[in-house]
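Only one structure is covered here, and it is reproduced in the block below.
The values are calculated or read from the model by the stated rules, or taken from the named source; none is laboratory data. Because the structure is predicted, anything quoted here is derived from the model rather than measured. For the accessible areas, the whole protein counts, side chains as well, though only heavy atoms, and no ligand, DNA or RNA atoms are used. Shrake-Rupley method; radii C 1.70, N 1.55, O 1.52, S 1.80 Å.
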Amino acid sequence: MNIIDSERFFFRPYCDNDFMFLISLLQDPEMMRYIGNGQTRDREGVKQFLDWIYRTYESDANLGLKVLVRKEDNVRIGHAGLVPQTVDGKEEIEIGYWIARDFWGHGYATEAAKTLRNYGIHQLGRQRFIALIQTDNIKSQQVAKKIGMTIEKEIILLGKAVFVYSVQDD
């Protein structure tokens, strides 16, 4: 796996010791408001989510959600990654970013998304990326736009209206 880092944080794979951190994300109703079906997860649901992350690593160690660790103090501030998705039967790579609520408003999501876009282009040779963002999630839409993404279409995913943002490196 290649090293991914930005000015203020680095990305590292999840490990079992991150379980309580993942619980803090997946059991926060405000965090989960625009994720999936909008519901928090119980401990078993968090374990299943962590298992899904590990399965993504098994298919390609460069893909999947990684823990974001702030360089200045080694504090976990969220997770982000290049996530395999299937949209309308087509395999895509999503730039995904979740910042823990205590760290909202510091530009971390934009920094993570931009770092992942550049990493995917320059290190992995990928040219197209998407972001799946619920239509009410204005803050995440702003992040997508800041890294050059535009709305390609709207779909229904897990019963929610979702914009498919995309960016193509030509």
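For residue 14, the residues whose modelled amide H falls within less than 5 Å of its own, excluding neighbours fewer than 5 places apart on the same chain, are 67. Computed from backbone phi with θ = phi - 60° and the Karplus coefficients 6.51, -1.76 and 1.60, the 3J(HN,Hα) list for segment 120-137 is x, 6, 7, 9, 9, x, 7, 10, 10, 9, 10, 9, 9, 10, 4, 4, 8, 8 Hz; x is used for glycine and proline.
Taking the DSSP beta bridges with both ends in the chain, the antiparallel portion is around 95 percent. When the Cα gyration tensor is reduced to axis lengths a ≥ b ≥ c, the ratio a/c is 1.5 or higher for segment 18-89, and with a/b not above b/c it is classed as oblate. Accessible area of residue 8 (1.4 Å probe, protein heavy atoms only, ligands and nucleic acids ignored): about 80 Å². Separation of segment 74-146 from segment 16-59 is 16 Å, based on Cα centroids. Here the accessible area is traced with a 1.4 Å probe on the protein chains. For segment 1-41, carbon and sulfur cover 47 percent of it. Compactness ratio for segment 104-170: Cα radius of gyration over 2.2 N^0.38 Å (N = residue count) comes to 1.13.
Using a 1.4 angstrom probe and counting only protein chains, how large is the accessible area of residue 57 in Å², to 10? For residue 57, the solvent-accessible surface is approximately 40 Å². For residue 134, the residues whose modelled amide H falls within less than 5 Å of its own, excluding neighbours fewer than 5 places apart on the same chain, are 163.
Taking N as the residue count of the chain, its C-alpha radius of gyration divided by 2.2 N^0.38 Å amounts to 0.96.
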